[in-house]
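Here's the structure, in structure tokens; my notes come after.
Rule-based calculations on the coordinates, nothing more; no lab input. Every value quoted in this text rests on a predicted model; they were computed, and no experiment measured them. Positions of Cβ are backbone-derived with ideal geometry, glycine not excepted, and every protein chain shown enters the neighbour counts.
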């Protein structure tokens, strides 16, 4: 007897596994696709100097330029929607089909009597569900288990054009180097702009024959070389001697004993020399940083020395008119 039960179980399992997917519908989905292929990518560096630097500070604007080939497509794809067959569901779908069959018959008879007032979606769906449940080789349709299978697709080109995008290279770091290889980093602002101080570059370079601005975006690197005028080169060399002398003072990397050894009169003279060379901004920066680490006595003495030098220069200046 146990053998017979086993045989019956095997037969039922085979029958339940022979079912087919319940076809729901074939639907065509139309979509628009846009493909953007990069044609060119450049980094543009614009400086307010022309081909020759004559001022100790220059302005730069760095922009990221990209050209794309943009193609628009219409994609039409036919899909077959079906409910995959699961034999175990027949254990409860067959009883559901038996129950729904008389219900479907009654509803359709009532619809006939009412001259078709009941929507077809109701009358047909009850019978369809009932027959699917009664069929041991097909499951009842289920929206939650519907699978989509692509039947065919067509791709049609709708439009093709070139697109140019130019944006500032915002908040990126560029490098500025001299002819002898010395380099300083410069940070661009939100608009891709920056002010480059050649005095700052001269602090790490002995002779600035030219400046080389380098900017990078992704794998694209751009360089701009600008020559430095002879007059400015000479001024920067003299300024470099002063800025290097007080580099630790500017960085506030000095100790008490080192600060006491600073000759205030010489320091004041160096600051005024920077002024005369045309680097007043750098002179003021060094003065402010030095003041922040000096004693009150040294600050007072420095102010007096600077005032004395200013009065001397004013007295030497030719009278206007």
Residue order, fewest to most surrounding Cβ atoms within 10 angstrom, among 288, 233: 288, 233
Whether region 69-165 is rounded, prolate or oblate, judged on the alpha carbon gyration tensor where a/c under 1.5 counts as rounded: oblate
Euclidean distance between Cα centres, region 96-123 to region 274-318, Å: 103
Ranked list, fewest to most other Cβ atoms within 10 Å of each Cβ, for 83, 30: 30, 83
Residues 109, 176 arranged by fewest to most Cβ contacts within 10 Å: 109, 176
Cα centroid of region 40-81 to Cα centroid of region 136-205, whole Å: 10
Packing-based order for 178-189, 51-62, using average beta carbon neighbours within 10 Å, highest first: 51-62, 178-189
Theoretical FRET efficiency, 1/(1+(r/R0)^6), r = Cβ-Cβ of residue 315 and residue 280, R0 22 Å, to 0.05: 0.65
Cα gyration tensor category, rounded, prolate or oblate, for region 163-202 with a/c compared to 1.5: prolate
